[in-house]
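Notes for the one structure printed next.
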2 protein chains.
Amino acid sequence: SSHPQSHTSSLVDATGCRFLRALLPSDLAGRSKGGQAQNGSVDVLDLLQGWGSGVGTYDDFNTIDWVREKSKDRDRHREVSHFCLPYDAFSGWLLMLLIGLMSGALAGGIDIAAHWLTDLKEGVCLNGFWFNHEHCCWNSKETTFQERHRCPQWKSWAELTVGVTEGASAYVVNYLMYVIWALLFSFLAVFLVRAFAPYACGSGIPEIKTILSGFIIRGYLGKWTLVIKTITLVLAVASGLSLGKEGPLVHVACCCGNIFCHLFTKYRKNEAKRREVLSAASAVGVSVAFGAPIGGVLFSLEEVSYYFPLKTLWRSFFAALVAAFTLRSINPFGNSRLVLFYVEFHTPWHLLELFPFVLLGIFGGLWGALFIRANIAWCRRRKATRLGRYPVLEVAVVSLATAVLAFPNDYTRMSGSELISELFNDCSLLDSSKLCDYGPLAKGGEPAGNLSEGTVGQAERPAGPGVYTAVWQLAMALLFKMAITVVTFGMKVPSGLFIPSMAVGAVAGRLLGIGMEQLAYYHHDWDMFHGWCSPGAHCITPGLYAMLGAAACLGGVTRMTVSLVVIMFELTGGLEYIVPLMAAVMTSKWVADALGREGIYEAHIRLNGYPFLEPKEEFVHKTLATDVMRPRRSDPPLSVVTQDGMTVEELEGLISDTSYSGFPVVVSPESHRLVGFVLRRDLVISIDNARRCQEGIVGVSRVIFTEHTPVEAQGAPPPLNLRAILDLSPLAITDHTPMEITVDIFRKLGLRQCLVTQNGRLLGIITKKDILKHMAQMANRDPDSILFN
Amino acid sequence: SSHPQSHTSSLVDATGCRFLRALLPSDLAGRSKGGQAQNGSVDVLDLLQGWGSGVGTYDDFNTIDWVREKSKDRDRHREVSHFCLPYDAFSGWLLMLLIGLMSGALAGGIDIAAHWLTDLKEGVCLNGFWFNHEHCCWNSKETTFQERHRCPQWKSWAELTVGVTEGASAYVVNYLMYVIWALLFSFLAVFLVRAFAPYACGSGIPEIKTILSGFIIRGYLGKWTLVIKTITLVLAVASGLSLGKEGPLVHVACCCGNIFCHLFTKYRKNEAKRREVLSAASAVGVSVAFGAPIGGVLFSLEEVSYYFPLKTLWRSFFAALVAAFTLRSINPFGNSRLVLFYVEFHTPWHLLELFPFVLLGIFGGLWGALFIRANIAWCRRRKATRLGRYPVLEVAVVSLATAVLAFPNDYTRMSGSELISELFNDCSLLDSSKLCDYGPLAKGGEPAGNLSEGTVGQAERPAGPGVYTAVWQLAMALLFKMAITVVTFGMKVPSGLFIPSMAVGAVAGRLLGIGMEQLAYYHHDWDMFHGWCSPGAHCITPGLYAMLGAAACLGGVTRMTVSLVVIMFELTGGLEYIVPLMAAVMTSKWVADALGREGIYEAHIRLNGYPFLEPKEEFVHKTLATDVMRPRRSDPPLSVVTQDGMTVEELEGLISDTSYSGFPVVVSPESHRLVGFVLRRDLVISIDNARRCQEGIVGVSRVIFTEHTPVEAQGAPPPLNLRAILDLSPLAITDHTPMEITVDIFRKLGLRQCLVTQNGRLLGIITKKDILKHMAQMANRDPDSILFN
């Protein structure tokens, strides 16, 4: 936080050095008041302000210093002239608008393309191969409403090749084509990812969480990742693999955010400000994924973001709305609905139904915890064994297995979101699906047909043969989805978890719902139905059960709470269903938490060894700072820099002998009184620059960090003053500080390191990595699993 | 953070001292590892663990230390046996349930009672005086739907006394009774507040914000405040004063929260945990005020809370839902709607309408900024002049003026929420109000009557005489409301601002809406209406304008953003209107912010001199910690305690000579190496206890803070070891730390004080009050306006 940035223009010569200018007092360390240039000393600050000097930037796979970044931004803000302030404030809103428009457009494009490619697996449109099934049959008036999916323009592959629509040969041809297309799409996806943008795989949310907490992964949110992820997401979804597009859409939106940040200096140059934008972008991602802007903002707040000031809340909301309305004007679902799964239930729920709802919550929690364990074990195996070396083959095999097993079952053949839509749907008048194939009322007089409005969707009826078939198929689909999702998530293709998790829950919920409904029909004289479910009344809504199951399973896997309830609320729009939703989601979270504290994203963060300091997890142990700091008792003493006693050579020796990313500066080695902290990277760059460009700097030149440069003895080379790169306000805690407070300080202030003193003497240093290792140790995990700084 | 709490039982003798027990090593300072009792020294810790010793508690009007409180809670949590952990976690949910139920019930009661008393101003029910107008006429079948408000059981005061319902004498009697009742109610309200609970006045939100930020105001959330505020809120609302019940409902909910906290040790004993509960309670307050649980949670997050962890978010949401559903089951509005103002619009808005919407935003912003200035100026005058000495008289006068001026105008005679409901309402088929008195269509054939469904509410029509009257009355009402609200808010009765602000905005919005509608009717050939507003079409919804105006004015006054939009969204339930809402609210906030940074609550906090460190305001100045810390250059040196060099007498002298709330402990006065920090209150209590109860402690006894007690010379009294009350982990920053970072540290960690070092030597101290004074100074305000610690 002590790097005044001068915006004067600078001339850089061929060797990369700036011509030395006469030093003006105002050029000198803005923070160290009263500091003045003295004869015989050259301030290196002057040399560092040009382009590319690199002071104040970060290496790849390193953690940023939030305090310094925020300080830098305030410095910048102070320098903005009063005239430009409105533009400065406005630029943030403009950025949000751009992100919203771009993400909304991309999401719309992805939806349309995925829809088209998915349909291509089944057949082709004769009017033009670029039409999907729905668009192809849009204008076909020859068919009745019932048969609206069969129009002459749309030809299945069997029809095109062997000329028949029914029978064994047609089935085999269609099966074959389905498998071939699926293989082709998934192969293309994994090939593109491998060849052009390795970061485009997976859901991206674990990495985005880590980046938002202050980690640097160069290229993770870059142009190439955006392009490749967008394309391969379409392919992966179309291939029929058990994955969703929600997580990757968050990644796509964050890429947009990061790319647009380059348009504005304010955001380009400041890692902290950029993370505010990315927090908003992740809200945009969920907003377009579900059409739920408020839920998206809460998702960003609850699940993804690390530093989320209120200003960002408001801007995120704006961006999420813009994106949602952009998506709606593109209208990819063709129903001018904003939301992905529009449901409207007409039957109120009864208090007694809370019991099955809680059961769904328990199922969701169990499945969530189990899924996380199985998936992490599988991913670990992939990392440890030869499996990890053949990602393309892996994708091909899983994709083949998925396609071969999915085709025979109607409910696995359709895409995940279609399945969920169908399961959420309350059977109404016009439904011709198997799930709504109920028999006539056994008693009560009215002869109920499929199209008689009076009864369909109004009264409980016995299940017809279609429903029984559907139940069997759904049961098979449940087992299949549960197994295949475990191996799918984590492959080298873009893959989200929301849709597969919700699909599992929706199937389970619908099955329970149908069970309850039939129970109510056949046993409405039971005590439990007494008083609220009389014969002829419609009292159980299987679609609601499906929705609650979906929410419970998603909650179990991701451990979302408020945001999940709000997303679901935005889908249904009815406050009445919030109570069942809360019951299911809460139970699911409790059950899942009891079996394992981590959600899937945290588990993947830990698997990958990212330095992520979980803001939700409380540190419960009784250790003190002195137990965690380095050097340990057996280690060599702390490497420190003295403020005026070391030469350039000595410093270079210290740098090459150690690998620490910074050194404390003390008054003298004896007193160990702390003066400040200097970063290794800044030190290396400064000395390097001084050696190259500054006359008289040799190995024996003294390096000083004091305000006033002492006068050197006759004949000695001029000293090098590096006070400008010295952080004069390092945070120091005492050795008796409990680790719980230390962890809190690190989390809340976003520190990278913190010094430890004892009775005013510098004793050691604690870095974020030390803390993470200590936490891993305390939880009986391998402390070496944290890989990066 | 160094006060281990032992849960062993303790015997306290008559003088309040605990009998000395043999010291066990495990009793000794749990944090100072290796500390052992040595002969010749008595540890005072042992004396402090009984009831009422007061160590670790706070004085009234003091700021809590969040770090210490959170540490205490973690200590407590560690001591909870594994068996009790589920109960420990469950107690939080139970507490939320209780708060939700109680607040919902109270809100329902307040609604019903206020409704009844409001109607009592107009007349009385013959079936029983406890029926309000609506209930009285519930079963009256004699009247037509049009005349449903005139039923024989309900008698106006004129009818009862002089026996006529129409004419001058009836008017005068009704007028008189209205004024008398209003005066009576308001007098009762202010009398009860003055006599029993002075804290029950005002909206309570400024104080709750301050309390949540860590301030102690004893009794502010107590039983008496709850009872009196509930009763007087009913009276104040019924008296017809220009005030609302939303802010006070937040206060009532927080009182419930605070009172229920006493049931659970976890929350009773910990100020930080209790504040988490209060944050949730404030969400409950808004949830019951508007029937908007999600909006309530966001309100708490955005506007009220200071420390709002995610766990609290989830629990707040639960509590808000419970409260909303409790309220709905009480059904005070008699329509089984959850929300206060239910609106449903059927006409989409057009992009061009954004222009008037933004105009409403500008109006809202101007009004908000102006209102804040006028109200603060008035409150300052009340404080400074004799006016403040006669609060009862003030209420009586304002109430008289309100009643006298309000009665002649229909729109001011009705209560604020009725007015808003009426203005939000879209004119439909059955409306008989003046606002919906439109004339027949000038062209288009259809002879439109009041009850012809085809046209009413469907086509733009010319305004009838009723509408013109209404417009005039509304314009008068606008001026009246704007003026009277300024003097009403801040009087010694419970008074919320939401309803009056919304009323002003709703009136302005409706007027603009009617204007636009008539413009569209008479000039639909204008370019601006071309293409979307053809003759015979219904294109302008004046109710929507009223809603946007209300949102804009409320936004201008309170500077709420997201929560306001979400509350309004929950009222309408349509995502379509979020964009206009955002446009209006955003404009309003920008305009208001340009005229004055503070919202009404912050302005009142500053007016009252509470030590509130605004989390939203950025500190933009370039000062350093050394500029803010005490002692200043001209002051006497910092008062410090040495770790082993002072006697009891010297310490007592130091305590009586100074008024600081704590002292740094150093190794020696020469080295100024920091060891720890000791609070004045703890020191006073400990020395007092030791003097009373511990043998051999005299004035010349040495007080030591070291781990190992030195052996005293022969004949010297035994030393008193006070290490147990020493905070071994005080946070220290360097003198070069920029104040922006210091302010950030104070905000985020919730510090009360922070020590300042220079090159490892203790130099000074910064307290929260110093920071607030410095910020006031930097903003050119009176730094002495901060009154409390």
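The values are calculated or read from the model by the stated rules, or taken from the named source; none is laboratory data. Here the structure is a predicted model, which means the values were calculated and not measured. Reconstructed Cβ throughout: ideal geometry from the backbone, glycine too, with neighbour counts over all protein chains shown. In case anyone asks, the SASA skips ligands and DNA or RNA and just uses the protein heavy atoms, side chains included. Shrake-Rupley method; radii C 1.70, N 1.55, O 1.52, S 1.80 Å.
Of all the helices (runs of 4 or more DSSP H) wholly in the stretch B:238-307, which have at least 1 residues that are polar (S, T, N, Q)? Don't jump to the end; show me each part of the working.
Working: elements: B:246-261, B:265-268, B:271-290, B:293-299.
Helices (runs of 4 or more DSSP H) meeting the threshold: B:246-261, B:265-268, B:271-290.
Listed here are the residues, each with its yes/no results for (1) touching a Ser or Thr at 6+ places or on another chain (Cβ under 9 Å); (2) closer than 30 Å to A:Phe407 by Cα.
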| residue | (1), (2) |
| --- | --- |
| A:Met177 | yes, yes |
| A:Ser186 | yes, yes |
| A:Arg194 | no, yes |
| A:Trp224 | no, no |
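Checking A:Ala583 against (1) small (Gly, Ala, Ser); (2) surrounded by fewer than 23 Cβ atoms within 10 Å (Cβ to Cβ); (3) closer than 15 Å to A:Leu370 by Cβ, which single condition isn't satisfied?
Failing condition for A:Ala583: (3).
Out of the residues in the stretch A:61-98 meeting the condition of being surrounded by 14 or more Cβ atoms within 10 Å (Cβ to Cβ) and among the hydroxyl-bearing types (Ser, Thr, Tyr), tell me which one is farthest from the other protein chains (Cβ to nearest Cβ).
Restricting to residues being surrounded by 14 or more Cβ atoms within 10 Å (Cβ to Cβ) and among the hydroxyl-bearing types (Ser, Thr, Tyr), the top hit is A:Thr63.
Go through (1) part of a helix (DSSP H, G or I); (2) basic (Lys, Arg); (3) open to solvent by 10 Å² or more (accessible area, probe 1.4 Å) one by one and return the number of the condition B:Arg597 breaks.
(1)
Does the stretch A:323-346 contain at least one residue that is away from chain B (no Cβ under 12 Å) and more than 27 Å from A:Val288 (Cα to Cα)?
Within the stretch A:323-346 (the criterion being away from chain B (no Cβ under 12 Å) and more than 27 Å from A:Val288 (Cα to Cα)), the answer is no, since none of the residues qualifies.
Please enumerate the residues belonging to the stretch B:390-422 that are open to solvent by 50 Å² or more (accessible area, probe 1.4 Å) and either over 28 Å from the mean Cα position of the chain (by Cα) or closer than 16 Å to B:Tyr178 by Cβ (or both).
Scanning the stretch B:390-422 gives B:Leu400, B:Val404, B:Leu405, B:Pro408, B:Asp410, B:Arg413, B:Glu418.
Run down A:Ile231, A:Ile259 and say which single residue is farther than 20 Å from A:Ala320 by Cα and among the hydrophobic types (A, V, I, L, M, F, W, C).
Step by step, each of A:Ile231, A:Ile259 is checked, and only A:Ile231 is farther than 20 Å from A:Ala320 by Cα and among the hydrophobic types (A, V, I, L, M, F, W, C).
Quick check on my filter: what residues within the stretch B:691-705 are more than 16 Å from B:Gly653 (Cβ to Cβ) and under 48 Å from the mean Cα position of the chain (by Cα)?
Passing the criteria: B:Arg692, B:Cys693, B:Gln694, B:Ile704, B:Phe705.
So which of A:Ser421, A:Ser399 ends up being at pLDDT 90 or above, more than 15 Å from A:Thr469 (Cβ to Cβ) and among the polar types (S, T, N, Q)?
A:Ser399
Restricting to the stretch B:365-389, count the residues that are among the polar types (S, T, N, Q) and exposed (fewer than 12 other Cβ atoms within 10 Å of the Cβ).
Residues meeting the conditions: 1.
Within the stretch B:215-235, can you find the residues that are assigned to a loop (DSSP other than H, G, I, E, B) and touching a residue at least 24 places away in the same chain (Cβ under 8 Å)? Step through it out loud before you land on a result.
Going residue by residue through the stretch B:215-235, those that are assigned to a loop (DSSP other than H, G, I, E, B) are B:216-222.
Those that are assigned to a loop (DSSP other than H, G, I, E, B) and touching a residue at least 24 places away in the same chain (Cβ under 8 Å): B:Ile216, B:Ile217, B:Arg218, B:Leu221, B:Gly222.
For the stretch A:730-763, give me each residue that is among the aliphatic types (A, V, I, L, M) and either at the interface with another protein chain (Cβ under 9 Å from one of its Cβ atoms) or open to solvent by 20 Å² or more (accessible area, probe 1.4 Å) (or both).
Of everything in the stretch A:730-763, those that are among the aliphatic types (A, V, I, L, M) and either at the interface with another protein chain (Cβ under 9 Å from one of its Cβ atoms) or open to solvent by 20 Å² or more (accessible area, probe 1.4 Å) (or both) turn out to be A:Leu731, A:Ala732, A:Ile733, A:Ile741, A:Ile745, A:Leu749, A:Leu762, A:Leu763.
Within the group A:Glu712, A:Glu695, A:Glu707, which residue is modelled with pLDDT under 85 and within 14 Å of another protein chain (Cβ to nearest Cβ)?
Working: A:Glu712 fails: within 14 Å of another protein chain (Cβ to nearest Cβ); A:Glu695 fails: within 14 Å of another protein chain (Cβ to nearest Cβ).
Going through A:Glu712, A:Glu695, A:Glu707 in turn, just one is modelled with pLDDT under 85 and within 14 Å of another protein chain (Cβ to nearest Cβ): A:Glu707.
Check whether at least one residue in the stretch B:764-776 is more than 9 Å from chain A (Cβ to nearest Cβ) and open to solvent by 30 Å² or more (accessible area, probe 1.4 Å), and report yes or no.
Yes, the stretch B:764-776 has at least one match.
Taking the options B:Gly609, B:Gly573, B:Gly531, name whichever one is open to solvent by less than 10 Å² (accessible area, probe 1.4 Å) and at positive phi. Explain how you work it out, then say what you get.
Numbers: B:Gly573 fails: open to solvent by less than 10 Å² (accessible area, probe 1.4 Å); B:Gly531 fails: open to solvent by less than 10 Å² (accessible area, probe 1.4 Å).
The match here is B:Gly609.
How many residues does the stretch B:305-316 hold that are open to solvent by 10 Å² or more (accessible area, probe 1.4 Å) and either among the charged types (D, E, K, R) or at pLDDT 90 or above (or both)?
2
Looking only at the stretch B:552-570, how many residues end up being within 14 Å of another protein chain (Cβ to nearest Cβ) and open to solvent by less than 10 Å² (accessible area, probe 1.4 Å)?
11
Go through B:Gly34, B:Gly56, B:Gly123 for me and flag whichever is more than 30 Å from B:Glu707 (Cα to Cα) and either within 14 Å of chain A (Cβ to nearest Cβ) or modelled with pLDDT of 65 or more (or both).
B:Gly123
What's the number of the condition B:Thr541 fails, among (1) open to solvent by 10 Å² or more (accessible area, probe 1.4 Å); (2) more than 30 Å from B:Met491 (Cα to Cα); (3) in contact with a Gly (Cβ under 8 Å, 6 or more places away or on another chain); (4) away from chain A (no Cβ under 14 Å)?
(1)
If a residue has to be closer than 18 Å to A:His672 by Cβ, in a loop (DSSP other than H, G, I, E, B) and either of a type outside the set (Gly, Ala, Ser) or open to solvent by 60 Å² or more (accessible area, probe 1.4 Å) (or both) to count, how many in the stretch A:641-659 make the cut?
Result for the stretch A:641-659: 3.
Answer yes or no: is there a residue in the stretch A:721-728 that is out of contact with any Phe, Trp or Tyr (no Cβ under 6 Å at 6 or more places or on another chain), within 14 Å of chain B (Cβ to nearest Cβ) and within 28 Å of B:Val67 (Cβ to Cβ).
yes
What single numbered condition from (1) open to solvent by 10 Å² or more (accessible area, probe 1.4 Å); (2) within 11 Å of chain A (Cβ to nearest Cβ); (3) farther than 30 Å from B:Asp59 by Cα fails to hold for B:Ala320?
(1)
Checking the condition of a type outside the set (A, V, I, L, M) and either surrounded by 24 or more Cβ atoms within 10 Å (Cβ to Cβ) or more than 13 Å from chain B (Cβ to nearest Cβ) (or both), which residue from A:Glu302, A:Glu271 passes?
Step by step, each of A:Glu302, A:Glu271 is checked, and only A:Glu271 is of a type outside the set (A, V, I, L, M) and either surrounded by 24 or more Cβ atoms within 10 Å (Cβ to Cβ) or more than 13 Å from chain B (Cβ to nearest Cβ) (or both).
Would you mind stating whether B:Met547 is more than 14 Å from chain A (Cβ to nearest Cβ), open to solvent by 40 Å² or more (accessible area, probe 1.4 Å) and assigned to a helix (DSSP H, G or I)? Even if it seems obvious, please write down each step before you answer.
Values: more than 14 Å from chain A (Cβ to nearest Cβ): yes; open to solvent by 40 Å² or more (accessible area, probe 1.4 Å): no; assigned to a helix (DSSP H, G or I): yes.
No.
Is it the case, given these coordinates, that A:Leu327 is farther than 30 Å from A:Ala114 by Cα and either in a strand (DSSP E or B) or of a type outside the set (Gly, Ala, Ser) (or both)? Lay out the reasoning, then the answer.
Values: farther than 30 Å from A:Ala114 by Cα: no; either in a strand (DSSP E or B) or of a type outside the set (Gly, Ala, Ser) (or both): yes.
Judged against the criteria, A:Leu327 is not a match.
Hey, any hits in the stretch B:660-683 for a residue that's in a loop (DSSP other than H, G, I, E, B), away from every other protein chain (no Cβ under 14 Å) and farther than 20 Å from B:Pro717 by Cα?
yes
Here's the yes/no breakdown for (1) open to solvent by less than 10 Å² (accessible area, probe 1.4 Å); (2) at pLDDT 95 or above:
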| residue | (1), (2) |
| --- | --- |
| B:Gly490 | no, no |
| B:Gly496 | yes, no |
| B:Val504 | yes, yes |
| B:Ala508 | no, yes |
| B:Met516 | no, no |
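Quick one: count up the residues across the stretch A:134-175 that are among the aromatic types (Phe, Trp, Tyr) and modelled with pLDDT under 80.
Count: 2.
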